[in-house]
Amino acid sequence: MDNPVTMRRGVPEDAEPGIWTAADGWPIRTLRLRPAGQGRGSVLFAGGRGDFAEKYIESLVHWRAHGWDVTAFDWRGQGASGRVAGLPAELGHADDFMPWIDDGAGLLAEWQARSAGPHVLIGHSMGGHLMLRLVAERRPQIAALVLSSPMIGFHAPLPERILRAVAAAQVRRGKASRFAWGQGRRPDAIGVLRQRRLTRDAARYADELWWLEQRPDYRLGGVSWGWLDAACRSTDELERPGVAEGIGMPVLLVATRNDRVVDAPRAVALVSRIPDHEITLIDGGHELLREGDDIRLAAWQRIDRFLDERV
């Protein structure tokens, strides 16, 4: 029997790495896993802030085994995609979320042109946030959208109204590209608060640390004041009246009841406004797709059932 740890710490030999070039020349890293035989359609997976494709290899392989042609990518500024020049390599910075939305739209159009439909988007955390804005504002012809713990608001050291005011003030003072908190190196020990927030499964948390040892350039630390300000403004865009109501595709939200990274009740409230939506809440950490077998399998099964019934 294949060692599950070894499988999570490697990329299938037939995986197809690639680079998609954004309109401004920015290199965006992609990873494609084609199914054996005739597939049932295509999945585009977008990870969260600081994520990289290998971190979710277990889920990518799962969806491929179910017949999907799966492509994952790293957002600009993280993973194996190009970093922001002139800033600390481990700073999570953005002046605005629009470049990410533009990247997503351009990559999505190229992906649809080269892959067979039906086409499905799956977004986790910040990736879910960005995919929501993408489908709401650009209205691509997509069969379905799956959201895993999407970032609609987040837990922070300060109440949101204070955090918003401080972040906006820091941007006005010219400190947008300074660390808000977290600094450069993320905690990397099993059992730390970060692990408890992300996943109860120490083995899968250790997988991420293993990948970061192999690829130190993947490491991303805390966010900047500019990123916080941009995240708050982007959330405002999603929560404007009529935005969620205008999303015309089936949307599944899979989230944890007691998320300590993002605001799960706020995500539920937003998705509930989408005309065709389904919501499933599961006990676990923020990264349901990287939880222990019982939690992760429940999330996979819910997503599989949604795709079987709706796509």
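The values are calculated or read from the model by the stated rules, or taken from the named source; none is laboratory data. Note that the structure is a prediction, hence the values are computed from the model and not measured. In case anyone asks, the SASA skips ligands and DNA or RNA and just uses the protein heavy atoms, side chains included. Shrake-Rupley method; radii C 1.70, N 1.55, O 1.52, S 1.80 Å.
Suppose all protein chains stay in the model; what accessible area per residue would a 1.4 Å probe give for the chain, in Å²?
Solvent-accessible surface per residue comes out at 41 Å².
Any idea what the relative contact order of the range 48-130 is, in percent, if you count C-alpha pairs under 8 Å spaced at least 6 apart?
On the way: 51 pairs, mean separation 29.6, N = 83.
Taking the mean separation of contacting Cα pairs over the length of the range 48-130, I get 36 percent.
Obtain the radius of gyration and the Kirkwood radius of the range 232-311 from its C-alpha atoms and give Rg over Rh.
0.99
Of the candidates Glu58, Glu287, Glu16, which one comes out as most mobile in a Gaussian network treatment of the chain with C-alpha springs shorter than 10 Å?
Highest fluctuation among the options: Glu16.
How large is the Kirkwood hydrodynamic radius of the range 151-249, in angstrom, based on all distinct alpha carbon pairs?
On the way: mean 1/r = 0.0631 Å⁻¹.
Every distinct Cα pair counted, the radius reaches 15.8 Å.
What's the percent breakdown of Cα-Cα distances in the range 19-75 across 10 Å bins, shortest bin first?
25, 47, 24, 4
Could you tell me what percent of the accessible area of the range 59-192 is made up of carbon and sulfur, with a 1.4 Å probe and every protein chain present?
Looking at the range 59-192 in its full context, I get 56 percent from C and S.
Stokes-Einstein D for the range 20-113 at 4 °C, 1.567 mPa s, Kirkwood Rh over Cα pairs, in µm²/s?
92
What number, in percent, do you get for the relative contact order of the chain if the mean sequence gap of Cα pairs under 8 Å and at least 6 apart is divided by its residue count?
19
Using only Cα atoms, locate the centre of the range 1-80 and the centre of the range 125-187, then give the distance between them in Å, rounded to an integer.
The range 1-80 and the range 125-187 have Cα centres separated by 23 Å.
According to the Kirkwood expression over distinct Cα-Cα pairs, how big is the hydrodynamic radius of the range 58-213, in Å? Spell out each step's value before the answer.
Values: mean 1/r = 0.0552 Å⁻¹.
Over the range 58-213, the inverse of the mean reciprocal pair distance is 18.1 Å.
Can you work out D for the chain in µm² s⁻¹ from Stokes-Einstein, where Rh is the Kirkwood radius over C-alpha pairs, the temperature is 25 °C and the viscosity is 0.890 mPa s?
Taking Rh from Cα pairs, D becomes 126 µm²/s.
Roughly how many percent of the accessible protein surface of the range 207-311 is carbon and sulfur, given a 1.4 Å probe and a whole-percent answer?
Roughly 50 percent of what the probe reaches on the range 207-311 is carbon or sulfur.
For Gln301 and Arg194 in one chain, what is 0.36 nm times their gap in residues minus the Cα-Cα distance, to one decimal in nm? List each step's numbers first, then the result.
Numbers: separation 107, 0.36 × 107 = 38.52 nm, distance 2.62 nm.
Going from the current span to full extension adds 35.9 nm.
Can you give me the Kirkwood hydrodynamic radius for the range 97-185, using every pair of distinct Cα atoms, in Å to one decimal? The partial results should precede the final answer.
Values: mean 1/r = 0.0653 Å⁻¹.
It is 15.3 Å.
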